[in-house]
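Enquirer: Let me give you the structure first, and then I'll get to my questions.
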Amino acid sequence: MSDDIPSVPAARPDDEYLMRDPASHPPAFAPGYKTSALRSPRNALISIGQTLSEVTAPAFRAEELGPLDGDLIRNYAKTGLPVGERTIVHGTVRDQLGRPVRNALVEVWQANASGRYRHKKDQYLGALDPNFGGCGRVLTDENGHYVFRTIKPGPYPWRNRINDWRPAHIHFAISGSGWAQRLITQMYFEGDPLIATCPIIRTIPDEQQIRGLIAQLDMAAAVPLDSRAFRFDIVLRGQRATWFENVLQSNGQGEAR
Amino acid sequence: MTPLLRETASQTAGPYVHIGLAPKAAGFDIFENDFGPVLTTAETQGERIVIEGRVFDGSGTPLRDVLLELWQANAQGRYAHAADRQPGKALDNAFRGWGRACSDFDTGMWSFETIKPGPVAGRHGVAMAPHVNLWIVARGINIGLHTRMYFDDEAQANAADPVLALVEWEVRRRTLVGRREQRDGKTVYRFDIHLQGDDETVFFDV
């Protein structure tokens, strides 16, 4: 039963993280996204060997979250249900070696079905929905799986070029087992024609990486007569095995791991 | 060879990051338990401090839509995490060491209420000077920025810090040091962050 033997050994808490591949991410300065012009550092990042400061991170407990925190259809409902397409979003959080990231905090936020955010700074004409807040949070389970339920967000215009529109998207913030894994991204929906021209998506220099942000319709996870489902898998930085040379908190010779 | 997956691409947190990470700042109440900028309770051990500042863009204008997260060791210099096995340093059950703060929508000021951390062992057992780790996200920032704040009253430890020593340009190291002040009976460390310009803060590839 060789299939049962995991090909990758389990990570240990103080294994270091693989170095980040800048080609997988947008550069800080991406002129098509105008706001990045004055908000992008111009000096090179200083690369440091990881220490306890980078391999540790806060751990979250299920009891810190409320029972409806992962249900955006109900967690702000005041007088009825929110308007729009009932949608389940789910997937796994894994590291680069394919291991599930357990107990990761996944926080999401989004506009409502009209493309309007419940935020005091959003002035878009699209109507607020009195029954939709637009945020949620869940922890991944022992298989690294997460799931939440929401209303599919609408696209909306934004001030970049004068007629730029954001495709429908959900913001994700993921907190894994190490500070070096901290990641914020955005999830898009398969088939959205605005994906091709979005200046924020186009900050990513790699088509394969863009495809990785597009959730796929997943009818196997849909609830008949209730909700469609989309699948969005997330990969965080992987921990590399440090069998012989762990030097995080000792000289690597005297003290056994 | 072990096949490697690629890390999911980063995208900006956008202007409405508060909705997801600090909904009260966005103007509404939804979660029973919000994650905020106060890291301490009455039981937390250590010297109470405030860390505050602003984040400036390349024109010198403060960002008024930035969100920062802070991660630090406890007063003894131990992180609340399974990886930390430093001998002789106890966990503080009243201190997780993590918080998040939003800048004020008018002034751009942000602040954390925390304790001064102890020194943590660095690589090869070389002690690092006390520091807190900061992660900065906002509209226009395409991938979260990592930096550290050290303490200006720890000059000797800072001079021996192996991470500060990696900043080849000594003139840039001061961008990583908070300035201690006393105000209204509180100890405040002021730490302004510059995304661009002559005083551009050192950011780390961790």
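Enquirer: Only residues of region A:207-227 count here: report those whose backbone N is under 16 Å from the spot 7 Å along Cα→Cβ of residue A:74, or say none.
Expert: A:223, A:226-227
Enquirer: How large is Rg/Rh for the protein assembly as shown, to two decimals, with Cα atoms and a Kirkwood Rh? Please report the intermediate quantities before stating the final value.
Expert: Details: Rg = 21.7 Å, Rh = 22.8 Å.
Taking Rh as the inverse mean 1/r over Cα pairs, Rg/Rh reads 0.95.
Enquirer: Then there's this: Find me the longest stretch of chain A that has none of the exposed chymotrypsin sites (Phe, Trp or Tyr not before Pro), where exposed means in a DSSP loop (not H, G, I, E or B) with at most 10 other Cβ atoms within 10 Å.
Expert: Value returned for the longest uninterrupted segment is A:1-242.
Enquirer: For A:52, B:166, what's the fewest-to-most ordering of other Cβ within 10 Å of each Cβ? Could the numbers behind the result be given before it?
Expert: Working: A:52 24, B:166 14.
The fewest-first ordering by Cβ neighbours comes to B:166, A:52.
Enquirer: Where a ≥ b ≥ c are the square roots of the eigenvalues of the C-alpha gyration tensor, would you call region A:64-174 rounded, which needs a/c under 1.5, or, failing that, prolate if a/b is larger than b/c, or oblate?
Expert: Oblate is the answer for region A:64-174, as a/c is 1.5 or above yet b/c matches or exceeds a/b.
Enquirer: Still on this structure: In the protein assembly as shown, what percentage of the DSSP-assigned beta bridges are antiparallel, given to the nearest 5?
Expert: Details: 64 of 84 bridges.
Percentage antiparallel, nearest 5: 75.
Enquirer: Still on this model: State which stretch of chain B is the longest one without any exposed GluC sites (Glu not before Pro), exposure meaning a DSSP loop state and at most 15 other Cβ atoms within 10 Å.
Expert: Result for the longest clean stretch: B:48-167.
Enquirer: Sticking with this one: Take region B:7-69, drop everything but the C-alpha atoms, weight them equally and run the Debye formula without solvent; then report log10 I(q)/I(0) at 0.13, 0.15, 0.26 Å⁻¹ to two decimals.
Expert: The Debye formula, applied to the Cα set alone, gives -0.55, -0.71, -1.17.
Enquirer: I'd like the mean, over residues of A:56-64, of how many other protein chain beta carbons sit within 10 Å of each residue's own Cβ.
Expert: 5
Enquirer: Fewest to most neighbouring Cβ within 10 Å: what's the order for B:187, B:44?
Expert: Ordered by Cβ neighbours within 10 Å, fewest first: B:187, B:44.
Enquirer: While we're looking at this one, here's another question. What whole-number distance in Å separates the alpha-carbon centres of region A:81-103 and region A:142-202?
Expert: Taking the Cα centre of region A:142-202 as reference, the centre of region A:81-103 is 12 Å away.
Enquirer: Shifting gears a bit: Grab the DSSP H runs of chain B that are 4 residues or longer, score each as -39,500 (n - 2.57), total them, divide by all residues and round the 222 nm result to the nearest 500 deg cm²/dmol.
Expert: -1500 deg cm²/dmol
Enquirer: Return the average number of partner chain Cβ atoms within 10 angstrom of each residue Cβ along peptide A:22-29.
Expert: Averaged over the peptide's residues, the number is 5.
Enquirer: Could you list the trypsin sites (Lys or Arg not before Pro) in region A:151-210 that lie in coil according to DSSP, counting only those with at most 13 other Cβ atoms within 10 Å of their Cβ?
Expert: A:159, A:161
Enquirer: Continuing with this model, one more query. What is the magnitude of the charge dipole of the protein assembly as shown about its Cα centre, with +1 placed on the Cβ of each Lys and Arg, -1 on the Cβ of each Asp and Glu, and no other charges, expressed in debye to the nearest 20?
Expert: For this selection, approximately 760 debye.
Enquirer: Among DSSP beta bridges lying fully in region B:1-159, give the percent that are antiparallel, nearest 5. Display every interim value, and only then the final one.
Expert: Details: 26 of 27 bridges.
Of the beta bridges lying entirely in region B:1-159, close to 95 percent run antiparallel.
Enquirer: Identify, among B:145, A:124, B:194, the residue whose Cα sits farthest towards the positive end of the charge dipole of the protein assembly as shown, taking +1 on the Cβ of Lys and Arg and -1 on the Cβ of Asp and Glu, with the dipole about the Cα centre.
Expert: Projecting each Cα onto the dipole axis, the largest value belongs to A:124.
Enquirer: Which whole-percent values make up P(r) of region A:37-129 when all C-alpha to C-alpha distances are grouped in 10 Å steps starting at zero?
Expert: Answer for region A:37-129: a P(r) of 10, 26, 28, 25, 9, 0 percent.
Enquirer: Per Stokes-Einstein, at 20 °C and 1.002 mPa s, what whole-number D in µm² s⁻¹ belongs to region B:136-193, with the Kirkwood radius over Cα pairs as the hydrodynamic radius?
Expert: Details: Rh = 13.1 Å.
The Stokes-Einstein estimate is 164 µm²/s.
Enquirer: Moving on. Of B:137, B:188, A:83, how do they rank once you tally other Cβ atoms within 10 Å and put the fewest first?
Expert: Exposure proxy ranking, most exposed first: A:83, B:188, B:137.
Enquirer: Starting from the Cα coordinates of region B:1-154, work out the convex hull volume and express it per residue in Å³. Before the final figure, lay out the partial values.
Expert: Values: hull volume 27.8 nm³, N = 154.
Spelled out: Cα convex hull of region B:1-154, divided by residues, is 180 Å³.
Enquirer: Out of all DSSP beta bridges in chain A, what portion is antiparallel? Express it as a percent rounded to 5.
Expert: 75 percent
Enquirer: State the Cα centre-to-centre distance between region B:33-97 and region A:41-74 in whole Å.
Expert: With region B:33-97 and region A:41-74 each reduced to a Cα centre, they are spaced 13 Å.
Enquirer: Calculate the all-directions average of the projected area of chain A's alpha-carbon convex hull, and give it in nm².
Expert: Details: hull surface 71.0 nm².
So the mean shadow area of the Cα hull is 17.7 nm².
Read-outs: derived from the displayed coordinates by stated rules, not from any lab. Owing to the predicted nature of the structure, the values given are computational and were not obtained by experimental measurement. Backbone-built Cβ (ideal geometry, glycine too); neighbour counts: all protein chains shown.
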